[in-house]
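Presented below is the structure to which this report refers.
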Amino acid sequence: MIRILSFIFFLGSVFGQDKGKKAYEDGNYDEARAYYEHILKNRNKDGAAQFGLGATAYQQKDMETAARSLNNVMNSKDKSLASKAMYNLGNMFRDQQKMEESLAFYRKAIELDPTDEDAKVNYELLKQVLQQQQQQEKDSDKDQNQDKKDQQNQDQNEQDQNSENQDEQNQNKDQEKKEQDQQQSQSDLEKENKEQEQSQAKRDESQEQRSDKQMQAEAILNALKDKEKINQKRQIAKAKSRKLEKDW
């Protein structure tokens with residue numbers, strides 16, 4: 001767990017009896033702020049007063065004033081005071097979930113004051129938190145990529161299955177069409193055979209009718225021929241009879 005924000009005051013020997021510090025420690029932040037603002041009106045470059053104002057403004061949730069005042073202290077010639085300002089800026093950024101910025105300020109605080117144990121502890125703890133977050137992000141990306149790959153495989157399998165089903169449906173349709181064509185061909189063939197049979201029956205019937213008529217015509221013709229022969233015989237007989245009569 002990262003240590004809770006703790007503003008450490010370094011006000012210098014000028015304010016041996018610092019009323020602002022006492023008011024701050026008592027929780028009288030308005031009184032402490034008024035005190036430091038009064039000092040800065042007369043000595044606007046007073047690093048200790050800037051630091052005190054920044055700490056008090058933070059407790060009052062005035063982050064803009066707190067950041068501005070602490071930033072004014074970062075370049076102080078007093079390295080210990082500058083280190084404390086950077087340490088507290090690191091805490092502010094950490095509270096805002098700006099972990100990279102917070103880690104950078106802790107590191108600067110340690111560079112300026114290698115004896116600052118609070119900065120060292122917070123730096124190491126925050127670095128571990130960031131490493132865990134980065135590992136979680138990698139694992140999450142890996143899981144997402146695996147999920148994406150699995151989804152792609154699933155989609156591909158579904159597409160393949162749909163394609164197989166479509167091919168099977170097409171084959172079934174082709175088979176049904178082939179069977180229908182065969183049935184239609186068989187039906188057409190049966191129809192054609194039936195029509196041929198009917199046509200042949202009509203021809204046979206017509207032939208029979210012609211045969212009957214032909215037989216009748218031949219019978220009549222034969223009868224006429226017989227009759228003609230009989231007539232010829234009669235005429236011949238008459239002629240012979242007349243000739244015999246004449247010869248007598």
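Some points to look at:
- S76 vs. criteria at pLDDT below 95, crowded, with 17+ Cβ neighbours inside 10 Å, at negative phi and not in a helix (DSSP H, G or I): yes
- Single match in L40, L70 (criterion: part of a helix (DSSP H, G or I), at pLDDT 90 or above and more than 27 Å from L125 (Cβ to Cβ)): L40
- Close Cβ contacts (under 7 Å, 6 or more residues apart or on different chains) running from residues in region 7-29 that are at pLDDT 90 or above to residues that are among the charged types (D, E, K, R) comprise A23/E31.
- In region 129-157, the residues that are under 30 Å from R94 (Cβ atoms) and at pLDDT 85 or above form Cβ pairs under 6 Å with partners that are of a type in the set (A, V, I, L, M) and part of a helix (DSSP H, G or I), at six or more places apart or across chains, as follows: L130/M99.
- M1 at pLDDT below 90, within 29 Å of E124 (Cα to Cα) and either of a type in the set (A, V, I, L, M, F, W, C) or assigned to a helix (DSSP H, G or I) (or both): yes
The values are calculated or read from the model by the stated rules, or taken from the named source; none is laboratory data. Predicted, not measured: the structure shown is a model, and the values here were computed from it. Note that we place each Cβ from the backbone using ideal geometry, even for glycine, and neighbour counts take in every protein chain shown.
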